[in-house]
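Notes to accompany the following structure.
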Amino acid sequence: MRIDPALQVRLLDLSTCRTRLDGIAARRESLPERAEWTRLQAEAARSRTDSARARLAAKDLGMDLRRLEADLEKMRRREADDRRVLGAVGDARTRRDIEHDLRSTARRREALEARIAEVRDHRDALQMHAGAAGGDVDDRLAAARRALDAADAALVAEREELTAEAARLRAGVEPGLLARYDALEEEVGIAVARLAGRQCRSCFMDLDPATLREFAALDVDEVAVCPECLCWLVRPETIEAGRR
């Protein structure tokens, strides 16, 4: 197969752009700032779930608290009624019964008041947790996103430059050859690479002397094919001719 040396060099440059773009994509994915942002996203999701559960639990405790407060109000009314009756009763036995009931009611009221205070404290703690936990992780998530954007900006700019360069290079290749290049890239990954000494710079295998002698006998416009990875190899003499 023969391809003009200038076109071979253009395809080599295009393949180099593609390799560098793949490298940028890998570097973007492996940024430590991205790992931290991803971790905080998961933490934020857990925090939102915890906050929702805390709000629901606080709501349930609020309902319990209203029921307990209603019971307390009934006890206080009973105590007030007993005291009024006690002031109007002269019979000693009846007074003893009322006084006993007052003492019993007072003990139950005190226990209920303690229970109400406990439930109220628990509800308030849940409400504070629901409000504070989500806000803290959201603040850290926003800071992590800013750090990621800052770290990513240079890579994004480089990607845009390479994408534009790849488009410019593709525009200078006739459609039939470009289709063959794309098909080869789809098949083997790196479609075109340099031959550097004995080494294919696609698969990085050292080629045997017989293969190298075959390559040396080719005209500068003939395409060498790596026997290991099947990419098109652009030889130094072809690069020199194509860059003139």
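If you check A25, A45 for being within 33 Å of the chain's Cα centre (by Cα), within 30 Å of G176 (Cα to Cα) and not charged (D, E, K, R), only one passes: A25.
Yes/no per residue for (1) surrounded by 13 or more Cβ atoms within 10 Å (Cβ to Cβ); (2) closer than 30 Å to A44 by Cβ; (3) basic (K, R):
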position	(1), (2), (3)
L68	yes, no, no
E73	no, no, no
V89	yes, no, no
I98	yes, no, no
R107	no, no, yes
E113	yes, no, no
A117	no, no, no
A130	yes, yes, no
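Of the residues examined, D22 is not one that is acidic (D, E), surrounded by 13 or more Cβ atoms within 10 Å (Cβ to Cβ) and modelled with pLDDT of 95 or more. Restricting to region 185-232, count the residues that are surrounded by 11 or more Cβ atoms within 10 Å (Cβ to Cβ), out of contact with any strand residue (DSSP E or B) (no Cβ under 7 Å at 6 or more places or on another chain) and not in a loop (DSSP other than H, G, I, E, B). Number satisfying all stated conditions: 6. Could you tell me whether any residue of region 226-236 is acidic (D, E) and within 40 Å of the chain's Cα centre (by Cα)? Yes; the residues of region 226-236 include at least one that is acidic (D, E) and within 40 Å of the chain's Cα centre (by Cα). Confirm whether D149 is within 30 Å of W37 (Cβ to Cβ), in a helix (DSSP H, G or I) and at pLDDT below 95. No. With respect to G176, determine if the residue is part of a helix (DSSP H, G or I) and within 30 Å of R53 (Cβ to Cβ). Answer is no for this residue.
Comparison of A57, A35 shows that the only residue that is of a type in the set (A, V, I, L, M, F, W, C) and within 26 Å of L112 (Cα to Cα) is A57.
Residue check: S202 meets all listed conditions (1) closer than 26 Å to D22 by Cα; (2) in contact (Cβ under 8 Å) with a residue 40 or more places away in the chain but one, namely (2). Candidates A54, A45: the one that is more than 30 Å from T105 (Cα to Cα), surrounded by fewer than 16 Cβ atoms within 10 Å (Cβ to Cβ) and not hydroxyl-bearing (S, T, Y) is A45. Residue pairs whose Cβ atoms lie under 9 Å apart, separated by 6 or more positions or on different chains, with the first residue in region 7-28 and acidic (D, E) and the second in a helix (DSSP H, G or I), are D13/E165; D13/A166; D13/L169.
The values are calculated or read from the model by the stated rules, or taken from the named source; none is laboratory data. Quick caveat, the model's predicted, so the values are computed rather than measured. All Cβ positions, even for glycine, are placed from backbone atoms using ideal geometry, and neighbour counts span all protein chains on display.
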